[in-house]
Amino acid sequence: MGNQFLVFMAMVLMALGATAQETYLDVVINYTPTSMDFGENNKALKDFKEGYWGLQVGASFQMGVTDYFSVVPELYFVMKGSRLEDNNPLTGQETRFRFNTLDLPVMARLHVCNVYLNAGPVVSYNLGGRVKTEANGTLLGGKEKMDFGTEADTYSRWDAGIQFGLGYEFQLKRSRLLLDLRYHYGMVDMGNGTDIYNRYFNMNVLLAKKWKKDPLAKARQKDMALWGEADNRPFAAHNN
């Protein structure tokens, strides 16, 4: 029974090694929309809230595991935020929130022909931010940097959540182009008790170049060699 199991595992590993998804390094430079959720105030702010368009720069590294599955760690610098129009019930004046953030998602990606589905956790670190208000008849305007911490009237330095969505792959002659649609669901109150969450849809356009060597290939070859070595041992040795 032990030998049969080892033979089966060796066959599975050989199949994975023979049909692995290709590995790509995708470069991202986008001007992308983001938005924020204001918790219990979100319904009252519905008619006053608008998205924020900001720069997104980074890279996505797709590591092929099987013909239908890959793991995709990513790293982005993203300008996130939201805009509230004048006379809104939260601030009473036009207000813009902006976070300068490093995002680190790790996605599990399922491939079906040229379409893929992906989902995974994301951790974010806020490098800085600002709140800008416009003066109106009763309130003064101004611009101030965000203070980060855990106390009241500060913002959280760290954010975490999940991302999920789908995409389409266009094969080019020497590279590929991805159209990636994704929802970011932030779980951390960025306002430390004031109900501000990063939650938004965005669309990415990624230009990718095939990686010269699959980083998982050596690991698969090593595992196959170990299973092959174990399979060649005498039956009595396995039972001992």
Restricting the range 25-64 to trypsin sites (Lys or Arg not before Pro) in coil, as DSSP defines it, with at most 10 other Cβ within 10 Å:
Lys43, Lys46
Where a ≥ b ≥ c are root eigenvalues of the Cα gyration tensor, a/c under 1.5 meaning rounded, otherwise prolate if a/b exceeds b/c and oblate otherwise, the range 21-215 counts as prolate
Quick one: net charge of Thr32's neighbours, Cβ under 14 Å, K/R +1, D/E -1?
0
When the chain is fully extended, how far beyond the present Cα-Cα distance does Leu75 get from Leu140, taking 0.36 nm per residue of separation?
19.6 nm
Which net charge results for the neighbourhood of Asp159, defined as the other residues with beta-carbon distances under 12 angstrom from its beta-carbon, given Lys and Arg at +1 and Asp and Glu at -1?
+1
What's the ranking of 137-144, 194-201 by average number of surrounding C-beta atoms within 10 Å, highest first?
194-201, 137-144
Residue by residue through the range 80-87, what is 3J(HN,Hα) from phi via Karplus (6.51 cos²θ - 1.76 cosθ + 1.60, θ = phi - 60°)? Round to whole Hz and write x for glycine and proline.
10, x, 7, 10, 10, 6, 4, 6
Shape of the range 45-152, Cα gyration tensor, a/c cut at 1.5
prolate
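Read-outs throughout are calculated quantities, based only on the coordinates presented, and are distinct from any laboratory measurement. Keep in mind it's a predicted model, so treat the numbers as computed, not measured. Neighbour counts run over all protein chains shown; Cβ positions are idealised from the backbone, glycine included.
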